[in-house]
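Here the structure is laid out as structure tokens; the discussion comes afterwards.
The values are calculated or read from the model by the stated rules, or taken from the named source; none is laboratory data. For clarity, every value in this text was computed on a predicted model and none was experimentally measured. Glycine gets a Cβ as well: all are built from the backbone with ideal geometry, and neighbour counts include every protein chain shown.
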């Protein structure tokens, strides 16, 4: 006698799971709508972090504590978030030494720290247009425009290129408004804002336009001429101005705010800096 297995055709038991999936999808849709509304209404992301789970080594944390001034200004919670972001940055970028330079753990930590500092107010902080960090011992010859440079961002190669000597001088001296790392990371952030449509890029674009509009006001023009507050290189073009603005914002926020409070406010909103005394 041959027996045939009967296939169970009753799938009604799946219904609750299907309803749950549809409900979760709908709730996620509503959350995205609310998140966009919140970001547009308050000029900042609703949530900067969903999960904070990675950490750096004790040696890397010691480097931040002893050598990176910004890290010491953060609260305990923000320090934990900052370490997570530094760990993610180091894990996801490829560091390459040029002209025989050996890339050390200290170099990786400090370069990651500068990048994460500038993007610390953002939800999307990873610098998606950067895959490689190329490090030269000092000023290098650039094939992009056939000049010697201290740093550059090459979007075609997805590479941030730095002179280590000048990078070190930039983060060690915290009050001269010259910071190579901030300058070059800002260029990468600017291009990402042009190419992306996420919440951070939308806010960046909005505040960038507010800054440019502010610069057309005659009283601002007069004050720029009178004070000569920003170094002359800032006026090369609007992108260099934004990069220099970021250097001044990070390194001398009190003086910046005193001289140009509106520009300071727009820059603060652009970067979403609501921590470390900014």
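Pick from region 160-206 the residues that are within 30 Å of residue 102 (Cβ to Cβ) and in a loop (DSSP other than H, G, I, E, B): which of them is modelled with the lowest pLDDT? The residue in question is 174.
Does residue 140 count as surrounded by 17 or more Cβ atoms within 10 Å (Cβ to Cβ), modelled with pLDDT under 95 and more than 15 Å from the chain's Cα centre (by Cα)? Here the answer is yes, as residue 140 does meet what is asked.
Determine whether residue 224 is touching a helix residue (DSSP H, G or I) at 6+ places or on another chain (Cβ under 9 Å), in contact (Cβ under 8 Å) with a residue 12 or more places away in the chain and in the same structural domain as residue 125 (by TED's automatic domain parsing). Criteria not met by residue 224. The condition of being without any contact (Cβ under 8 Å) to a residue 24 or more places away in the chain and either buried (at least 17 other Cβ atoms within 10 Å of the Cβ) or outside the structural domain of residue 90 (by TED's automatic domain parsing) (or both) holds for only one of 188, 193, that being 193. Looking across region 120-159, the residues that are part of a loop (DSSP other than H, G, I, E, B), in contact (Cβ under 8 Å) with a residue 24 or more places away in the chain and either in contact with a strand residue (DSSP E or B) (Cβ under 9 Å, 6 or more places away or on another chain) or outside the structural domain of residue 79 (by TED's automatic domain parsing) (or both) come down to 127, 129, 130, 131, 137, 138, 139, 150, 157, 158.
Count of region 242-266 residues, restricted to those that are surrounded by 17 or more Cβ atoms within 10 Å (Cβ to Cβ) and within 21 Å of the chain's Cα centre (by Cα), is 16.
Report whether or not residue 210 is buried (at least 16 other Cβ atoms within 10 Å of the Cβ) and touching a residue at least 60 places away in the same chain (Cβ under 8 Å). Criteria not met by residue 210. Taking the criterion of being under 17 Å from residue 106 (Cβ atoms) and either surrounded by 10 or more Cβ atoms within 10 Å (Cβ to Cβ) or touching a strand residue (DSSP E or B) at 6+ places or on another chain (Cβ under 8 Å) (or both), the residues of region 50-67 that qualify are 56, 57, 59, 60, 61, 62, 63, 64, 65, 67. Looking at the structure I just gave you, is residue 122 under 28 Å from residue 255 (Cβ atoms), buried (at least 23 other Cβ atoms within 10 Å of the Cβ) and at pLDDT below 95? Yes: the conditions hold for residue 122.
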